[in-house]
Amino acid sequence: MPLPTQAEVLEFHKLLATSLEANLSSGGSAGPSPDLLAAATKNPGLIFQANEIDGVTPLIVSAKDMEHSKWLLEEGAPWNAVDRAGKCAGNHSTDHNIQPLIDLHCTHATRSELILSQTLRNGFNILNVNEAKESTDIDYAPCTKKDYLQRDIKYSGTDQLLDSDNDAVMMEWERPLMSLHSEIICQPCTLPRVVLNVGFGMGIIDTFIQERLTDKDTHVIIEAHPGVYAKMKTDGWCDKPNVIVKFGKWQDVMEEFGGAYFTGIFFDTYAESHLDMEDFHAELPRILKRGGIYSFFNGLCPDNIFFHGVACNCVKIQLESLEFEVEFEGCEIKVKEGDWEGTRRKYWHFDQYFLPVCRY
């Protein structure tokens, strides 16, 4: 069946507006009108199509109405379709502060993403999603580059680590967050602490870890990029008495660690996908001691707060299935516009950071 014309889309939106008004007048008991249901049955593509004026979809139009939102989601309306302002229906329900609708969209989106993730992991590539991602697909990581380890990197003073595209690998504004992460994973315990950091970058969190550990504790760092590793050697990290540096991808290094080895783990790789993170999480029960703490840099979906919440939910569900207790602690973070000077694009857009605390 051909895609609906814009005239058909606009007519459907008129039917939807009338149906929404009637449902509001009935106190929410009327639901979608017969005319609206008939139009959707005749041309199911109308449920998916946005108008060309502002990019609004039927689901976004229905962001304040429970019955219509339920119906559209059940009929397959894409939860992550965004309008010209970059907002999906869940964003709009959040703006309206309608908690039942926020919960509806969040639950549906989380379930959809978990199913999609498993589908991709099983090798079935929906619409070639890996090769030609639609603009509405949810991107967990701000930057995914399969050839990152073969690219040059450069340290721009003490403020930035950039790849060959001038995308930021790590930046100085992260320092307050890294201090908080280090405090969590370096929690006091009766045993000598063994703390792992995956992804050295600028060494911000590793500097904090060194300040928190004693000479009885052990600090393990995994770094895969040759340029970063070379700077680590130049700066003396490989010569520190309580530091063990493993050069290589974590996927190739993890087998070197025996069971229940670490008391704290931090994960902050660059240019990997959310499937890589899931693979790392699957390793945690083998290498983290009971009572240990895991955390990661939470840059998931960094340019849309609703997508960010959905991604956090997906990670929480996966880690809970591995017997972790997961909390996200909110903390304020202000990134100045000038901090991004010299970078190709931002990888953080919010004023609040949700710090993962995952207890095993």
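What the table below lists for this structure:
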read-out: Identity of the residue in the stretch 139-177, in a loop (DSSP other than H, G, I, E, B) and more than 28 Å from Leu275 (Cβ to Cβ), that ends up farthest from the chain's Cα centre (by Cα); value: Gly157
read-out: Positions within the stretch 34-63 being in a loop (DSSP other than H, G, I, E, B) and in contact (Cβ under 8 Å) with a residue 24 or more places away in the chain, in sequence order; value: Asn43, Phe48, Gln49, Ala50, Asn51, Glu52, Asp54, Gly55, Val56, Thr57, Ser62, Ala63
read-out: Hits in the stretch 178-232 (condition: basic (Lys, Arg) and either closer than 19 Å to Arg290 by Cα or not in a loop (DSSP other than H, G, I, E, B) (or both)); value: Arg193, Arg212, Lys231
read-out: Hey, Glu272 of a type in the set (D, E, K, R), buried (at least 17 other Cβ atoms within 10 Å of the Cβ) and touching a residue at least 24 places away in the same chain (Cβ under 8 Å) or not; value: yes
read-out: Leading residue by the ranking (surrounded by the most Cβ atoms within 10 Å (Cβ to Cβ)) among those in the stretch 81-97 that are assigned to a helix (DSSP H, G or I) and touching a residue at least 60 places away in the same chain (Cβ under 8 Å); value: Gly90
read-out: Selection status of Thr158, hydroxyl-bearing (Ser, Thr, Tyr), assigned by TED's automatic domain parsing to the domain that holds Trp348 and either buried (at least 19 other Cβ atoms within 10 Å of the Cβ) or at pLDDT 95 or above (or both); value: no
read-out: Selection within the stretch 266-297 - among the polar types (S, T, N, Q) and out of contact with any Gly (no Cβ under 6 Å at 6 or more places or on another chain); value: Ser273, Ser295
read-out: Residue count, the stretch 173-185 (criterion: within 19 Å of Asn242 (Cα to Cα) and either surrounded by fewer than 23 Cβ atoms within 10 Å (Cβ to Cβ) or not assigned by TED's automatic domain parsing to the domain that holds Thr158 (or both)); value: 1
read-out: Residue in the stretch 264-275 that is in a helix (DSSP H, G or I) and either more than 28 Å from Trp173 (Cα to Cα) or not hydrophobic (A, V, I, L, M, F, W, C) (or both) present; value: yes
read-out: From the options Phe297, Phe257, Phe354, residue that is of a type in the set (A, V, I, L, M, F, W, C), surrounded by 19 or more Cβ atoms within 10 Å (Cβ to Cβ) and out of contact with any Pro (no Cβ under 8 Å at 6 or more places or on another chain); value: Phe297
read-out: Residue list for the stretch 178-204, restricted to those being under 22 Å from the mean Cα position of the chain (by Cα) and β-branched (Val, Ile, Thr); value: Ile184, Ile185, Val198, Ile204
read-out: Answer from Ile317, Ile333, Ile265 - the residue that is more than 27 Å from His108 (Cβ to Cβ) and surrounded by fewer than 21 Cβ atoms within 10 Å (Cβ to Cβ); value: Ile333
read-out: Hits in the stretch 246-263 (condition: without any contact (Cβ under 8 Å) to a residue 40 or more places away in the chain and not in a loop (DSSP other than H, G, I, E, B)); value: Lys246, Phe247, Gln251, Asp252, Val253, Met254, Glu255, Glu256
read-out: Yes/no for Arg290 being assigned to a helix (DSSP H, G or I) and exposed (fewer than 15 other Cβ atoms within 10 Å of the Cβ); value: no
read-out: Yes/no for Asp279 being over 19 Å from Ser179 (Cβ atoms), in a loop (DSSP other than H, G, I, E, B) and among the acidic types (Asp, Glu); value: no
read-out: Given (1) in a loop (DSSP other than H, G, I, E, B); (2) more than 15 Å from Ile305 (Cβ to Cβ); (3) not aromatic (Phe, Trp, Tyr), index of the condition Leu104 fails; value: (1)
read-out: Hits in the stretch 303-360 (condition: of a type in the set (S, T, N, Q), in a helix (DSSP H, G or I) and within 14 Å of the chain's Cα centre (by Cα)); value: Asn313, Gln318
read-out: Pick from the stretch 1-13, criterion loosely packed, with under 13 Cβ neighbours inside 10 Å and of a type outside the set (A, V, I, L, M, F, W, C), ranking: farthest from Pro100 (Cα to Cα); value: Pro2
read-out: Residues of the stretch 186-207 satisfying the condition of being surrounded by 20 or more Cβ atoms within 10 Å (Cβ to Cβ) and closer than 24 Å to Val335 by Cβ; value: Asn197, Val198, Gly199, Phe200, Gly201, Met202, Gly203, Ile204, Ile205, Asp206
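The values are calculated or read from the model by the stated rules, or taken from the named source; none is laboratory data. Keep in mind it's a predicted model, so treat the numbers as computed, not measured. Backbone-built Cβ (ideal geometry, glycine too); neighbour counts: all protein chains shown.
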